[in-house]
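Data first, discussion second: the structure below is written as structure tokens.
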Amino acid sequence: MGRAFEFRKERKFKRWGHMAKTFTKIGKEITIAVKAGGPDVTGNPRLRALLQTARSENMPKDNIERAIKRASEKDQADYKEVVFEGRGPHGIAVLVEAATDNNNRTVANVRSYFTKHGGSLGTSGSVSFMFDRKCMFRFKSDKPYDLDELELEMIDFGVEEIFEEYDEEKEEKSIVVYGDFTAFNDLQKYIEDNGFELLTAEFTRLPNVDPVELSDEERADVDKLIEKIEEDDDVQNVYTNMK
């Protein structure tokens, strides 16, 4: 199933957090997408994909509409997407993605989390080279399909990895594909044009180096740092090279 699947399977820290955190994260991404491409989903593929992700996460319709409306207002604060890089306990590489309307606040907070949990905030480029930016789509089909043939078709649109995933809670099988982040629009268009039901779409980062294996005690040290960072409202995603 490949490196991406194993990375997703092994990663222990929470990517989304509790439901309120999930809605906050999606709301900020909607704001950024609307600011960049406008509120019309027809001409804004990123917003269109985000709305589908919001629905799959059971985000209330009112929340979605408010996020779009706020983003369209002239006095709405602009969120700036920023990336922080550092080293956690035991030398683990940590990359943090945030969306903030006050960069000074966010920098100070993230720096304090690293310092208080045995790590250190680094400079730009200090660990980002250890991660590849990817886009990920999860979708399903009501019609029979051959995964190998589907992969051959989607390679031309930027697919690098494809596999099936079964959600026991929802009792449904979905198709997951990964590609370079620049292939986002092409892959989304293929999925939509060929009658698949898009479930989620997102950007992610996968380590391009061998994951570091730690003892249980060492892992616990890193997990404390990750959990603290993820509690921050400005933080969108956290990635490490920990196995």
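Among the residues making up segment 26-39, a single one is open to solvent by 40 Å² or more (accessible area, probe 1.4 Å) and outside any helix (DSSP H, G or I): 39. Are there any pairs, at least 6 apart or on different chains, whose C-beta atoms fall under 9 Å, with the first in segment 147-165 and over 17 Å from residue 184 (Cα atoms) and modelled with pLDDT of 95 or more and the second among the charged types (D, E, K, R) and in a strand (DSSP E or B), and if so, which? If the second residue must be among the charged types (D, E, K, R) and in a strand (DSSP E or B), the pairs left are 147/164; 164/173. Put simply, of 62, 142 the only residue that is of a type in the set (Asp, Glu), assigned to a loop (DSSP other than H, G, I, E, B) and open to solvent by 30 Å² or more (accessible area, probe 1.4 Å) is 142.
Output the residue which, of all residues in segment 71-88 that are among the basic types (Lys, Arg) and outside any loop (DSSP other than H, G, I, E, B), is modelled with the highest pLDDT. Before you say what the answer is, go through the steps one by one.
Initial filter on segment 71-88 (among the basic types (Lys, Arg)): 74, 80, 87.
Right, trim to outside any loop (DSSP other than H, G, I, E, B) and you get 80, 87.
Numbers: 80: 90, 87: 98.
Restricting to residues being among the basic types (Lys, Arg) and outside any loop (DSSP other than H, G, I, E, B), the top hit is 87.
Right, residue 159: out of contact with any Cys (no Cβ under 6 Å at 6 or more places or on another chain), surrounded by 17 or more Cβ atoms within 10 Å (Cβ to Cβ) and under 27 Å from residue 84 (Cα atoms) or not? Working first, answer last.
Numbers: out of contact with any Cys (no Cβ under 6 Å at 6 or more places or on another chain): yes; surrounded by 17 or more Cβ atoms within 10 Å (Cβ to Cβ): yes; under 27 Å from residue 84 (Cα atoms): no.
So residue 159 does not fit the description; no.
Residue under question is residue 134, and the condition is that it be in contact (Cβ under 8 Å) with a residue 40 or more places away in the chain and either open to solvent by 60 Å² or more (accessible area, probe 1.4 Å) or more than 15 Å from the chain's Cα centre (by Cα) (or both); does it hold? When the stated conditions are applied, residue 134 does not pass them. Residue 201 versus (1) small (Gly, Ala, Ser); (2) touching a Gly at 6+ places or on another chain (Cβ under 6 Å); (3) at pLDDT below 95: which is the lone unmet condition? Failing condition for residue 201: (2). Restricting attention to segment 187-243 and to residues that are among the β-branched types (Val, Ile, Thr) and open to solvent by 40 Å² or more (accessible area, probe 1.4 Å), the residue that is nearest to the chain's Cα centre (by Cα) turns out to be 209. What are the residues in segment 40-59 that are within 21 Å of residue 21 (Cβ to Cβ), part of a helix (DSSP H, G or I) and open to solvent by 60 Å² or more (accessible area, probe 1.4 Å), if any? The answer is 55, and nothing else.
Residues in segment 173-186 include none that are open to solvent by 20 Å² or more (accessible area, probe 1.4 Å), more than 18 Å from the chain's Cα centre (by Cα), modelled with pLDDT of 95 or more and polar (S, T, N, Q).
The values are calculated or read from the model by the stated rules, or taken from the named source; none is laboratory data. From a predicted model like this one, the values you see are computed outputs, not experimental measurements. Ideal geometry is used to build each Cβ from the backbone, glycine not excepted, and the neighbour counts take in all protein chains shown. Just so you know, the surface numbers come from the protein's heavy atoms only, side chains and all, with ligands and any DNA or RNA stripped out. Shrake-Rupley method; radii C 1.70, N 1.55, O 1.52, S 1.80 Å.
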